[in-house]
Amino acid sequence: MTSFRWLHLSDFHLGMKRHADLWPNMEAAFFDDLSATLKDSDSLDLVLFTGDLVQKGDALEYQELEIWLQKLWDRFSNLNPPRLLAIPGNHDLLRPATTGAVSLALRHNWSRNEVHNTFWNDPDSEYRKLVDHAFANYLTWWQTTKIPKPEQFVPGLLPGDFSASIKKDQYQLGIIGLKVPSVTLRTKMLRKILA
């Protein structure tokens, strides 16, 4: 029987205060657990990393993340290398200035039709540029990572969102990744996507 196997990771927060002091002990336990989990396995198809890969979203954190992920993938040497899918969380971005006019407009005037319609319908709007800039380091890492990704991968409307699929035998598994910071935005996003 064909089955898809995946490893789910979340909230690594690489770059958090004291991460360099605390992680080595946790890393050893993590790799011990991973080895025990994979001991009797002949396959791992996917690693899902669902947010907060890094702490502040700066480029150096993503460089360190790439090194750590390579260490992780080295542990899969006796398997076909799994594919990576990642979606950014609320720590995986460079925070825009909270007093900037565009940031204020997005936060305080989202319920105004002209603001959210412009955001969703005009990829060149100042609103979308603000979001794109905030996730620029994440996107640069994602586009340049040496870690294998699914061959069928389509970027979404917002940075980090995607649809992807992986094949195994005659089966295909579809995955959609959406980052949604609030119930209100999620509802509006889903209405837009499903319209």
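Odds and ends about this structure:
- A cut-off under 14 angstrom between Cβ atoms defines the neighbours of S103, and their net charge, with Lys, Arg +1 and Asp, Glu -1, is +2.
- Positive-end ranking of Q143, Y127, Q70 along the dipole of the stretch 14-172, with charges on Cβ about the Cα centre, is headed by Y127.
- Cα convex hull of the stretch 58-151 - mean projected area over all directions, nm²: 7.6
- Think of it as helices only: each DSSP H run of n ≥ 4 in the chain is worth -39500 (n - 2.57), and spread over all residues that comes to -13000 deg cm²/dmol at 222 nm.
- Taking the longest Cα principal axis of the chain as reference, the axis of helix 19-38 is set at about 60 degrees.
- Cβ-placed point charges (K, R +1; D, E -1), dipole of the stretch 1-159 about Cα centre in debye, nearest 20: 220
- Amide H contacts of Q152: S165, each under 5 Å away and 5 or more positions distant or on a separate chain (H built 1.01 Å from N in the peptide plane; Pro and chain starts excluded).
- Shape class of the stretch 22-103 from the Cα gyration tensor (axes a ≥ b ≥ c, square roots of the eigenvalues): prolate, since a/c reaches 1.5 or more and a/b is larger than b/c.
- Heavy-atom surface of the chain, accessible at 1.4 Å and reported per residue (Å²): 60
- The chain: proportion of alpha-carbon pairs further apart than 24 angstrom, %: 47
- Rounded tilt (10° steps) of 59-74 against the dominant C-alpha axis of the chain: 30
- Under 5 Å between amide hydrogens, built in the peptide plane, is the criterion, and for G57 it picks out L93 among residues at least 5 positions away or on other chains.
- Taking amide H atoms as placed 1.01 Å from N in the peptide plane, the amide H of R83 lies under 5 Å from those of L46, V47, each 5 or more residues away in sequence or on another chain.
- Put the Cα centre of the stretch 48-109 next to the Cα centre of the stretch 128-149 and the gap is 8 Å.
- 3J(HN,Hα) along the stretch 112-127, derived from phi through the Karplus expression 6.51 cos²θ - 1.76 cosθ + 1.60 where θ = phi - 60°, amounts to 6, 3, 5, 6, 6, 5, 5, 4, 7, 9, 10, x, 9, 5, 4, 5 Hz, with x in place of Gly and Pro.
The values are calculated or read from the model by the stated rules, or taken from the named source; none is laboratory data. None of the values given here were measured: they were computed from a predicted structure. No Cβ is skipped: glycine too gets one built from the backbone with ideal geometry, and neighbour counts run over all protein chains shown. Just the protein is used for accessible areas: all its heavy atoms, side chains included, with ligands, DNA and RNA removed. Shrake-Rupley method; radii C 1.70, N 1.55, O 1.52, S 1.80 Å.
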